[in-house]
Amino acid sequence: MEPFPMSVYEIELESADPSQDGNETVTQSYVEVIETVISSLQEDQSAMVSHTDSSYAWKFNYGSVEVFVQLAGTNDDDILTVWATVLKLPAKNEAQLLQKLMGMNWNSTFEARFAITNNQVVVCTQRTLAEMSPAEVSRNITIVATIADENDETLQAEFGQ
């Protein structure tokens with residue numbers, strides 16, 4: 001379920017220059033924020049990136065899952081999407097699985113949620129960039145990675161075929 005062809009990408013961060021008026025407060029671009037978060041979460045230099053003129057996509061390993069981050073652009077109306085697959089479908093006891101996922105969506109996924117796409121159960125989140133802070137970007141990526149990693153093996157053991 002890769003949005004673009006990926007290539008190996010080692011994230012190297014450079015500190016931003018202060019703004020021209022001498023103010024030390026510098027707003028990081030969304031791309032820089034995402035790369036900072038990924039560099040702190042990735043394992044074994046696993047981060048890969050792909051980009052077009054208007055969008056970016058990253059994937060990296062976190063624990064036992066592969067996490068995908070897609071930035072559809074950098075305008076306020078553009079969307080940040082984060083997802084990780086936790087179970088391939090079909091599954092055993094799908095009615096019980098769906099009931100369990102709905103319950104987990106209610107009480108344990110914060111801003112993320114379990115969803116089904118392309119015959120896979122994923123943990124995902126989406127948000128427009130309007131007024132999104134670097135802390136929110138970090139939180140969205142971290143929540144998806146953590147919830148997916150904490151639940152994939154359990155769901156596969158209980159419902160996988």
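The values are calculated or read from the model by the stated rules, or taken from the named source; none is laboratory data. Computed from a predicted model, the values in this text were never measured in an experiment. Using ideal geometry, Cβ is built from the backbone for each residue, glycine included, and neighbour counts are taken over all protein chains shown. The area values use the complete protein model at the heavy-atom level, side chains included, leaving out ligands, DNA and RNA. Shrake-Rupley method; radii C 1.70, N 1.55, O 1.52, S 1.80 Å.
The table below gives the values:
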read-out: Net lengthening on full extension, residue 98/residue 120 (0.36 nm per residue, minus Cα-Cα); value: 6.7 nm
read-out: GluC sites (Glu not before Pro) restricted to DSSP loop in the stretch 90-161 with at most 16 other C-beta within 10 Å; value: 111, 131
read-out: Accessible area expressed per residue, the stretch 50-144, with surrounding protein chains retained (probe 1.4 Å, Å²); value: 52 Å²
read-out: Percent accessible area from carbon and sulfur atoms, the stretch 100-147, protein chains only, probe 1.4 Å; value: 55 percent
